[in-house]
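Note sheet for the following structure.
Every number here is computed from the coordinates shown, using simple stated rules; none is lab data. Computed from a predicted structure; not experimentally measured. Counting neighbours? That spans all protein chains shown, and the Cβs are built from the backbone with ideal geometry, glycine included.
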Amino acid sequence: MKKSISFFYCSLTFIFLFFSCNSGSPDSEKRAKKINNARIDSLKKQAAGPTEAIPSKGDAAFLVEAAGGGLMEVALGELAVENSRNTHVKNLGTLMANDHKTINEKIKLLALSKDITLPDSISAHHKKEKEQLQPKKGSDFDNAYINLMVDDHEKDIREFQNAAKNALDSDIKAFAAESLPMLYKHLDVARNLQRKMGTKVVPIPVGSPPYQ
């Protein structure tokens, strides 16, 4: 009887762990980083020779954050198409969703080639941003969405610039550099719409886009 009870509780524990690990976690980025860090540590310990082929934790973290940000851009772009009544805002949402779906596929292929785990859902922080934006209507929604796109793409550009300059993996470094023109394009479109609609104007970051 005791064995049956023990087996029952063990089974419940396994089921809980299985669904916790495989369901969309609100902290999916943190979970992916932990998995990658553990794998990288293990590979380096097992390596008999040079470890240059093993991605660094910094490079893996960049891909995780890029993927998580891409998931958010798609989700918010689709929300803009659904919630906004402004044609320009809808067009911005469509641009963001379509372009980031494309770049997300590139991130998936790159991560697969490097055996890097990516988040399967938006992070807790991004989920909170979406929940704050979702109930807004009319100009309140439009202004909040545009400002978020400007802020987010300025942050993305800084992160991609850093990876394009400092990533140790040549493929990840090249991906970051190749993605910058698209991010600058998104920022330009969002800023122009921001000025046109009279929302807050965010200062232009120091430095020029690499394609100018």
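Annotations
- The stretch 90-146: trypsin sites (Lys or Arg not before Pro) in DSSP coil with no more than 12 other Cβ atoms inside 10 Å: 137
- For q = 0.15, 0.17, 0.22, 0.31 Å⁻¹, Debye-computed log10 I/I(0) when each Cα of the stretch 49-104 counts as one equal scatterer: -0.51, -0.59, -0.77, -1.08
- Of the chymotrypsin sites (Phe, Trp or Tyr not before Pro) found in the stretch 118-193, no site is in coil according to DSSP while having at most 12 other Cβ atoms within 10 Å of its Cβ.
- Ranked 182, 72, 96, criterion: other C-beta atoms within 10 Å, fewest first: 182, 72, 96
- Rg ratio (alpha-carbon, reference 2.2 N^0.38 Å) - the stretch 114-182: 1.41
- Across the stretch 154-170, computed HN-Hα scalar couplings (Karplus, 6.51 cos²θ - 1.76 cosθ + 1.60, θ = phi - 60°) run 5, 5, 4, 4, 4, 5, 6, 4, 4, 5, 5, 9, 10, 4, 7, 7, 5 Hz from first to last residue, x flagging Gly and Pro.
- Residue 44/residue 109 FRET efficiency (R0 35 Å; Cβ-Cβ; nearest 0.05): 0.90
- Hydrodynamic radius of the stretch 95-143 per Kirkwood, over alpha carbon pairs, in Å: 13.1 Å
- 3J(HN,Hα) along the stretch 130-142, derived from phi through the Karplus expression 6.51 cos²θ - 1.76 cosθ + 1.60 where θ = phi - 60°, amounts to 5, 5, 6, 7, 4, x, 5, 10, x, 5, 4, 5, 4 Hz, with x in place of Gly and Pro.
- Divide the volume of the convex hull around the Cα atoms of the stretch 30-76 by the residue count and you get 60 Å³ per residue.
- Simple label model, 7 Å out from Cα along Cβ direction - residue 81 to residue 171, nm: 3.0 nm
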